[in-house]
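Worksheet: one structure, shown below.
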Amino acid sequence: MTDNASVPALRADRLGKRYGHAWGLRDCTFAVPAGAVVGLVGPNGAGKTTLLALTVGLLAPTEGRVAVFGEPSRAHTASTLARVSYLAQDHPLYRGFTVADMLHLGRSMNPGWDQALARGRIDALGIPLRRKIKELSGGQQAQVSLTMALAKRAPLLALDEPVASLDPIARLDFMRDVLAASADTGLTVIIASHVISELERLCDWLLVLNGGRLQLAGAVDDLLAAHTVLTVPRQTPDADLPGRRISRTDSDRHSTVLVAVDGGRLAAARSRQPGWQAEPAGFEQLVLAYLRRPPLGVTAAERALVGGARPAGEAVAP
Amino acid sequence: MIWVTWRQHRSQAIICLGLFCAITIVAVATGAWMRATFSADGLGTCLARSAGAGCPAAISSFVREFNSPGTMPLNIVLFAIPGILGAVVGAPLLGQELERGTWQLAWSQTVPRTRWLLTKLALVTGGLVAFGAAVTAVMTWSRAPLDRLTIRLQPPPFNVEGLSFACSLLCGFGLAVLAGLLLRNTIGAMVVGYFAWEVPFLLVTLMNGPLHILTATARIACRDGCPGASTNSVPPVTGNLGDLVLDVTRSGNQLVVTYLPASRFWPLQFIEGGMYLAIAAAALGTAVWLLHRRTT
C-alpha cells in the first residue's frame, strides 16, 4: 500500500471476465494515476459492475489481471479487501441496525478503521447514532455507507452508481463529500455511473465501457484536447477527414463529425479546407460519441451474446 | 466478527432463551406433579419389590396419564422444534444477505468471506448446541419418574434425551443454511430447509430406522401355556420395563422374544445423533465450499 505517484492506483492488463459463454468484460487495459477521480461510464450491462467487483476482489478474473497500487487483486483475500473501499449499488446496509451498530460493524471488520473520522462525519451530517438504518432517508443511508467506506481508510474508493436512487440535493451533497475526501486525503476514486452530466463536474479521468470492451481511457483534459468537432459539407467522405472519425451526424447540407486528431493534422486539414468549422469537443459529446458507435473489438455475434446471455438485473453474482 | 455475529443473531438468541424458559416452566411443573403422583401411587415401593410385576394396573395408568399427547402437549412441541428452530436460525444466515444485497457490504470489508462464514457458523452452532443440551437436561430431569416405567427407546422421550435433540437441531440448521445459499431467499430457505430436515426426521422417527440392527433375542420357557405373552404386556415378558419388545412367537414350550434391550439406549443415540450430525456437516461443508469457490 503506497501513495507513490509512479505506481498506478489502478491498473488493468488484458483483464477479462466470462459469465458462461458471454464475456462480461474483455481485453481491458488501462492505468489510472493515484489521486484521480475516475468516471466509469457505459450503458447497463457494459461491464462497469464487473470491473469494480474484480477490482474489489468480489470476483476473480477469467483472464488478465487488475492491480491496486501495484498489488494484483485476488478474490476473497484480506489484503485485497483492505486496499479498496466498495460502495455497492443501492448502498446496502443492515436495515435493523442502528447507525452506531453499523459503525461498530465497520470497526470489528476492518483493522484500519478510523472511528474518529466515522463519528465526526456522522455528527457533522446530523444523523442520530441511535436511529435505525431503515428509519433514515435514502440520502442519509447513502451518507452512512460513504462514511463506512471512508473510515475503512483504503487508498482506493470504488462507487457503483452511488447516487442513482437519490434526490438532486442528496446527490449534490454526496458527490461534494466524495470530492472533498479525495482532495483532503489524496484518495483515488472510481465512480461507475450512466449519468454523464454528473460525472462531468466530478471526474478528471474517464473510462468508457461498452459491450464489455474498453472504448476510451484517459485524463479528461487530454481526451478533450485530442478530439475536435468539425462541421463539414455533407458530401465530404470520411476518407477526407483528418484523424479517426468517431461519430458523424448528417443534416441537410452539413455533417457534424467528431474526430480524434492531433493539433498539427487538424491545422493542416483546416488550411486545406478553410470552409470547415472546428470546435473543441465537450465532455458529454465525447462520451456519447463513443457510446453510440458499435463497440470496438466486439463482433456482431458477441454483441448478441453480451446483450442476452446474462440474467437481467443481475450484473454480478457473489 | 464475534460482535457482528452476536448483533445479527441477537433476536434469535432471545427467541431461544424465551423458548427455553417456557419449556422449563412446563417441564418443571410436569416433573414435580409426576414425582408427587409417583409416590402417591406407591410405584417406588412396587418397583423395588417386584420390578413392576406386582402393579401393572398402576403402571399403565401412570404411563397413560403422563405420556399421552393430550396431557403432554410439550411432547408434540418438542418433536417439531429442532426442524423449525433450525430453519428459522439457519435460513437468514446466508439467505437474507443474498436476498437483500448486504453480502456486498459484508464481504467487501477486510474479513474474507470464508472466514466470515466459518466464524458465524462456529458461534451459532455453539449457541444451538447449548440450547439443545439445556432442553435435553431439563426434559431428562422432568421425565425421570416416567422413564423408570416406560420405554426410552422410542420417541418420546428418545427425541428429547441423550444426543438426539441437539443433533437434530444442528441438522435442521445446516440444511437451512445451505438452502439459503442456493435459493438466495430467506422464506424459501426456511420452507425448503424444514422439509429437507423432515426426511431424516421421519426416517428415524416413524420407520425406527436404526432400531433393528441392535435387537436381541430371548428364549423364555413357558409356564401355564404362556398367558399374556403379547408385545404390549406390562411388564414385558423380558421382565424389564425399559425393554422394547418387537415380536413374540411360540416355539414348542418356549417363547421366542425379539426385543431391544433398554441398555441399547446410548448406542442408538450415537447412531441417530451421528446420522444427524453427518447430514449437518455435509450441508455446512458444502455451503462453505460453494461460497469459497464462488468467484464467478
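The values are calculated or read from the model by the stated rules, or taken from the named source; none is laboratory data. Because the structure is predicted, anything quoted here is derived from the model rather than measured. Heads up, the Cβs are rebuilt from the backbone with ideal geometry, glycines too, and the neighbour counts pull from every protein chain shown.
Filter region A:16-32 down to the residues that are part of a strand (DSSP E or B) and within 14 Å of chain B (Cβ to nearest Cβ), then identify the one that is farthest from A:A67 (Cα to Cα). Per the stated criteria, the residue is A:A22. For A:L179, the criteria (1) under 23 Å from A:F69 (Cα atoms); (2) part of a loop (DSSP other than H, G, I, E, B) hold in every case but one, which is (2).
So that you can scan it fast, the table gives a plain yes or no per residue for (1) in contact (Cβ under 8 Å) with a residue 24 or more places away in the chain; (2) within 14 Å of chain B (Cβ to nearest Cβ); (3) more than 21 Å from A:M109 (Cβ to Cβ); (4) basic (K, R):
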residue	(1), (2), (3), (4)
A:S145	yes, yes, no, no
A:K152	yes, yes, no, yes
A:I169	yes, no, yes, no
A:F174	yes, no, yes, no
A:A183	no, no, yes, no
A:V189	yes, no, yes, no
A:A192	yes, yes, yes, no
A:L202	yes, no, yes, no
A:L206	yes, no, yes, no
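Just give me the residues in region A:79-130 being facing chain B (nearest Cβ under 7 Å) and surrounded by fewer than 16 Cβ atoms within 10 Å (Cβ to Cβ), in sequence order. Correct list: A:P111 only.
Taking the criterion of being farther than 11 Å from A:L51 by Cβ and in contact with a Cys (Cβ under 9 Å, 6 or more places away or on another chain), the only residue of region A:16-36 that qualifies is A:A36.
Matching residues to (1) surrounded by fewer than 18 Cβ atoms within 10 Å (Cβ to Cβ); (2) touching a residue at least 40 places away in the same chain (Cβ under 8 Å); (3) closer than 19 Å to B:V160 by Cβ; (4) within 12 Å of another protein chain (Cβ to nearest Cβ):
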site	(1), (2), (3), (4)
B:I59	no, yes, no, no
B:I76	yes, no, yes, no
B:W107	no, no, no, yes
B:F131	no, yes, yes, no
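When B:E65 is tested against (1) among the acidic types (D, E); (2) more than 30 Å from the chain's Cα centre (by Cα); (3) surrounded by fewer than 18 Cβ atoms within 10 Å (Cβ to Cβ), just one condition goes unmet, and that condition is (2). Across region A:53-69, the qualifying residues are those that are of a type outside the set (F, W, Y), part of a loop (DSSP other than H, G, I, E, B) and in contact with a Ser or Thr (Cβ under 7 Å, 6 or more places away or on another chain), and the one among them that is farthest from the other protein chains (Cβ to nearest Cβ) is A:G57.
A:A46 falls short on exactly one of the conditions (1) outside any strand (DSSP E or B); (2) more than 9 Å from chain B (Cβ to nearest Cβ); (3) in contact with a helix residue (DSSP H, G or I) (Cβ under 8 Å, 6 or more places away or on another chain), and that condition is (3). The residue that is farthest from A:Q215 (Cα to Cα), counting only those in region A:245-291 that are surrounded by 12 or more Cβ atoms within 10 Å (Cβ to Cβ) and basic (K, R), is A:R270.
If a residue counts only when it is not hydrophobic (A, V, I, L, M, F, W, C), which strands (runs of 3 or more DSSP E) contained entirely in region A:197-250 have at least 2 such residues?
In region A:197-250, A:213-219, A:227-233, A:244-250 are the strands (runs of 3 or more DSSP E) which contain 2 or more residues that are not hydrophobic (A, V, I, L, M, F, W, C).
Among the residues of region B:262-296, those that are within 14 Å of chain A (Cβ to nearest Cβ) and either modelled with pLDDT of 95 or more or in a helix (DSSP H, G or I) (or both) comprise B:A287, B:V288, B:W289, B:L290, B:L291, B:H292, B:R293.
The single residue among B:F195, B:F165 that is within 30 Å of B:M1 (Cα to Cα), out of contact with any Leu (no Cβ under 7 Å at 6 or more places or on another chain) and in a helix (DSSP H, G or I) turns out to be B:F165. Every test in (1) within 14 Å of chain A (Cβ to nearest Cβ); (2) under 21 Å from A:N110 (Cα atoms) is passed by B:A122 save one, and that test is (1).
Within the option set A:L291, A:L258, A:L296, being touching a helix residue (DSSP H, G or I) at 6+ places or on another chain (Cβ under 7 Å) and either modelled with pLDDT under 85 or under 28 Å from A:E198 (Cβ atoms) (or both) holds for one residue only, A:L258.
Count of region A:31-48 residues, restricted to those that are more than 18 Å from A:A9 (Cα to Cα) and either small (G, A, S) or under 11 Å from the mean Cα position of the chain (by Cα) (or both), is 5.
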